[in-house]
Amino acid sequence: MARNSRRTIPRAGGSSARIAARIAARSAGSQVWLVLPAYNEAENLPPLLGRVGAAWSGRLRFRVLVVDDGSRDDTAEVAETMAGRLPVEVIRHERNRGLAAAIRTGIREVCRRARDGDVVVTMDADNSHPPELVPLMIERLQAGYDIVIASRFVPGAREEGVPWLRRLLSRAAGMVFRAVCPIPGVRDYTTGFRAYRAAVLKELWGRHGDRLIEAAAFSVMTELLLKARTLRPRIAEVPLVLRYDLKGGASKMRLGRTLRDYARLLGRELRPHRLTRRAA
């Protein structure tokens with residue numbers, strides 16, 4: 001795998017449609033797998049999947065995996081209805097197991113089915129992430145990167161409607177992990193919106209299996225990055241416009257649980273260093 005890079009991509013450099021057309025010409029036979037962890041997202045899935053269809057249909061070969069994490073609303077039924085218009089599959093958890101478990105289920109399924117040349121995209125199912133950005137992210141992968149992050153912390157990024165406490169937590173977590181576990185090319189450690197070469201995730205799954213994701217909650221995306229760094233991937237970031245004002249319903253994040261989850265992850269990262277110092 002290529003050596004780490006600190007390069008950040010500041011702008012799209014063309015419309016989503018033009019970029020998608022270039023991608024289609026370069027990637028005949030490959031497929032984009034979109035993993036959507038969803039809990040009580042019946043209101044948000046139709047507009048999000050509508051945007052996916054408008055931006056990708058006829059330009060990208062893709063398949064959407066909606067992981068319904070024991071929703072109490074009609075999330076699964078709404079997704080299955082959309083399957084009549086888009087290549088959508090639903091994987092159900094019988095009970096709510098949390099974001100990390102939903103991501104694990106989606107990645108496990110993709111690693112079982114995807115080819116090395118495919119692309120895996122993870123994003124939130126609440127319509128706050130723009131699927132129109134994915135063609136640019138794929139273009140960065142085709143330029144030689146292994147992981148592309150839709151980042152809130154690079155020039156051109158902005159956040160609309162995000163509660164101040166959530167902004168504070170994201171920035172604080174980013175500062176801590178950049179200081180303790182620096183990864184070249186990465187400023188946004190916590191965003192759920194990323195594109196991976198399928199070969200990268202398959203290699204990680206082959207090494208770790210279900211233990212690739214040990215987090216219980218929102219630290220899952222940080223954990224994935226920290227484990228991926230053992231492969232020395234090339235990582236790029238593109239600016240994300242996070243539209244929290246477009247999502248319906250309340251946030252699923254629970255502050256106390258999220259803080260504990262990040263603390264446990266940080267503790268696991270620091271433990272080997274503490275043991276090394278003691279041995280010395």
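What follows is calculated from the coordinates using simple rules that are stated; it is not laboratory data. What you are looking at is a predicted structure, and each value in this text was computed from that prediction instead of being measured. Here the Cβ is made from the backbone with ideal geometry for all residues, glycine too, and neighbour counts use every protein chain on show.
Computed from the C-beta positions of R95 and L165, the FRET efficiency with R₀ = 25 Å rounds to 0.35. Here the range 16-279 yields Rg over Rh of 0.94, to two decimals, using C-alpha coordinates and the Kirkwood radius.
A full extension of the chain between T81 and S57 corresponds to an added length of 6.9 nm, given 0.36 nm per residue minus the alpha carbon distance. Beta bridges from DSSP with both residues in the range 16-279: antiparallel share about 20 percent, rounded to the nearest 5.
Taken as Cα centroids, the range 130-200 and the range 40-87 sit 23 Å apart, rounded to the nearest whole angstrom. Length, then width, then depth: along the principal axes, the Cα atoms of the range 145-244 run 39, 28, 25 Å. Work out the FRET efficiency for L259 and R113 from their Cβ-Cβ distance, taking R0 = 35 Å, and round it to the nearest 0.05. Between L259 and R113 the formula returns 0.50. For the range 90-222, rounded, prolate or oblate, judged on the Cα gyration tensor with a ≥ b ≥ c (square roots of eigenvalues), a/c < 1.5 rounded, else prolate if a/b > b/c? It comes out rounded by the Cα gyration axes.
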